[in-house]
1. With +1 assigned to the C-beta of every Lys and Arg and -1 to the C-beta of every Asp and Glu, and no other charges, what is the dipole magnitude of the chain about the Cα centre in debye, to the nearest 20?
2. Taking Lys214 as the anchor, which lysines have their alpha carbon closer than 25 Å to its alpha carbon, excluding any fewer than eight residues away along the same chain?
3. Out of the GluC sites (Glu not before Pro) in segment 522-566, which ones are loop residues according to DSSP with at most 15 other C-beta atoms within 10 Å?
4. Given +1 on the Cβ of Lys and Arg, -1 on the Cβ of Asp and Glu, and no further charges, what dipole in debye does segment 549-695 carry about its Cα centre, rounded to the nearest 20?
5. Add -39500 (n - 2.57) for each DSSP H run of 4 or more in the chain, then divide by its residues: what number comes out at 222 nm, to the nearest 500 deg cm²/dmol?
6. Just to confirm the number: angle between the C-alpha axis of helix 664-681 and the first principal axis of the chain, 0 to 90 degrees, nearest 10?
7. Note the full-extension length gain between Thr365 and Asp649 as 0.36 nm times their separation in residues minus their Cα-Cα distance, in nm to one decimal.
8. What shape does segment 130-266 have by the C-alpha gyration tensor, where a ≥ b ≥ c are the square roots of the eigenvalues, rounded means a/c under 1.5, and otherwise prolate means a/b greater than b/c and oblate the rest?
Amino acid sequence: MTSLLQRRWVPPAILCVLVALMALLPFARAHLFYLADDSAAQFAPMWRRIGEQLLSGSFPLLDLDSWQGGNLAGEALFGLWNPVNLADYLLVTRFDDLALASAVVKTQFLVILALGGYLLCREFGASRWAAFAVGFALPFSGFILFFQAGTWAAGLMTFAWVPWVWWSARKAVARTLHPVWAFVFGALCVTAGNPYGVLAILAIYIGLFAEFRKLRVVLIGLSVLAVVPLVFLPLVGAASVGSRSGMVLYNSGMLQPGIGDLLALSMPSHSPLMKVFDPSDIRLHVPATYFAWFAVPVLPWLDWTVLRRRRRELVSAFVVSGVYLVFCLAPSNLWMFRWPLRNIEGLFLGLAVLFAVLLSAGLRTDHLRRRIAITGGALLAGTYLSVASYPKIAVHHVIGALLLAGLTALLILAARRGNSRWMAGVLTAGTAVVLVVQTTWSPVNSSVTQTYPTPTVHLPYTGTVAQIADVAKEPRDRFRFGNGYAAAGVPSLMAYTGIAFMKYEKALCVSHRETCADGYTRLFTPVQGELTIADLTRVETVVVQRALVNAPQPQPGWHVESSDNDAIVLRRDKPIAFPHGRVSAWSPNLIAAEDTMDGARSERVRFRGTGTLTFARLNWPGYRAEINGQTVPVRDGPAGLLTVDLPGDVHEGELELAWTPPGLPAGIVCALLGIALACALGMRRPSVRSSGATQ
């Protein structure tokens with residue numbers, strides 16, 4: 001058994017298995033733990049939708065059936081250029097239970113994060129047992145588990161690659177790993193689609209340049225950053241029609257941790273006092289700033305001279321930790337980076353490296369009374385800060401402090417015996433015990449929206465659906481919010497988007513949470529001659545929540561298909577024209593003879609006469625139109641719908657529409673140049689360098 005544990009692959013393999021098992025604990029306690037807030041409204045349903053399109057042979061840069069949520073290239077967060085993400089989306093199509101699918105996918109990324117943290121700590125010379133303990137604690141830190149895994153899936157799917165970026169980059173700079181691997185892991189991080197991944201890469205390479213002071217660091221970093229245009233130029237291109245354009249710098253206090261929250265990063269029950277999403281609340285109800293149970297209690301027992309002796313080789317760890325500490329205390333909105341709490345995971349990663357290195361040197365047990373007194377004082381201070389933040393759960397705070405005291409005592413006993421395996425066991429078991437306690441006190445993240453109904457993958461409606469409903473009104477389970485309709489493959493006007501299409505939102509008074517009570521009237525008000533938005537968007541079914549609009553009167557051409565105390569469902573009397581195309585209106589002097597689509601991004605319409613063609617497409621930047629080979633302009637019609645005015649001197653021909661995400665060709669070229677640079681940097685044979693790890 002001893003010889004088996006000494007094999008290099010065994011500890012990381014055990015780590016992966018343990019993390020996977022422990023990650024299922026929150027799911028076992030609360031079936032919807034991994035399907036809260038944005039995961040229910042945006043991510044999981046669209047994962048299934050993308051997976052279905054991939055299976056049909058289509059690469060979904062644009063999903064017309066999701067309307068303003070359908071610019072998937074511009075949205076970026078779905079990571080369409082990331083092969084791991086795409087494989088997971090195919091996997092999700094095998095599940096009818098999206099809560100279970102989310103748990104499986106997110107468990108995978110928690111394992112990737114833990115293994116990356118282990119390898120990173122080993123690269124900095126940490127012992128196996130210390131790297132194991134820290135790697136196990138990292139994915140179960142408060143923000144990563146309750147926010148990134150629980151709701152903001154794109155954040156987890158991006159941050160999981162950050163330790164790998166750091167590990168591969170440091171080894172590539174030191175010539176013990178081919179730079180192509182630094183490019184691969186950097187590309188996986190960037191293509192996951194969250195801009196915080198780019199921020200992490202910048203912080204890491206700045207730290208590595210400070211550590212190595214070599215041009216090679218800059219060149220490897222440039223090879224990785226060359227992937228950024230591929231992912232984010234479409235996002236920048238869509239900004240002109242969306243709600244997140246321009247640079248913003250202000251502070252609302254939203255999700256902004258304070259110094260006191262960071263000092264309590266070992267308290268299992270600490271509820272940070274900060275502005276949250278519910279305006280009637282003043283604190284988080286999950287331990288979002290919790291890092292690891294041992295982070296504060298072991299401080300007096302560490303050999304701090306290690307940092308002085310190894311300061312040169314730990315420079316990047318100091319830089320990354322310092323950069324993220326500054327970002328954690330930054331204004332609430334800094335360009336596209338909002339809510340400073342999101343930066344705390346980067347701080348945790350930097351601290352994880354430093355803790356692993358310090359733990360590897362062993363714990364000092366001399367001056368026993370003095371160290372016990374300091375630990376006791378630190379626990380009392382953490383308890384006081386937690387009670388001051390949320391006195392109502394003072395019992396939880398006291399129990400948490402006593403738990404930390406007991407675990408610390410066990411750790412010191414193991415240290416006095418000089419048994420590193422026992423120390424690793426206590427550190428790991430303590431993390432598991434604290435996780436059990438935390439998920440008992442906080443089974444779900446109640447500080448984010450819990451009101452989204454769980455999207456299922458079966459639905460009786462056919463055709464494009466318009467829904468008039470509000471998630472805040474009962475009953476909710478009869479309705480679909482965000483991308484709920486996408487989970488069932490049903491086209492819907494009410495999809496989720498993080499970038500928005502302002503003209504569309506204003507015209508319909510719609511968001512992923514609700515339609516205003518006036519939404520029904522707006523849907524059926526003529527906006528182009530006698531045609532309504534319902535006509536121009538080719539809606540066939542309208543679902544109305546009676547709690548919002550009690551007795552909607554069917555408009556001409558519509559009838560009530562079903563009605564009960566909760567909802568009224570309206571259906572169009574006649575089928576729409578060109579069911580396999582998107583043209584929705586044409587001028588009286590114009591005849592649309594044929595409409596053919598070659599995928600979502602290309603369409604051809606044969607016509608006779610002159611006038612205007614309107615399409616059931618939003619006019620996202622990137623469209624181009626040609627008539628008989630001659631380029632013609634496109635413009636916004638009602639609600640931002642794509643409209644083409646035919647030239648007066650053309651009376652017959654074919655209109656060809658095509659859409660390409662803004663910057664896509666340039667992005668592809670940049671990414672290819674990046675991998676070429678990485679290959680060129682690796683043409684010299686790497687030398688062998690000792691990792692410096694202790695056993």
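1. It comes to approximately 3900 debye.
2. Lys171
3. Sites meeting the loop and neighbour criteria: Glu530.
4. 940
5. Estimated from H runs of four or more residues: -13500 deg cm²/dmol.
6. Value to nearest ten degrees: 30.
7. This chain segment gains 93.1 nm when fully extended.
8. Cα axes put segment 130-266 in the oblate bin.
Just so you know, all these numbers are worked out from the coordinates, no wet-lab data involved. Just so it is clear, the model here is predicted, and its values are computed rather than measured. Note: ideal-geometry Cβ built from the backbone for every residue, glycine included; neighbour counts use all protein chains shown.
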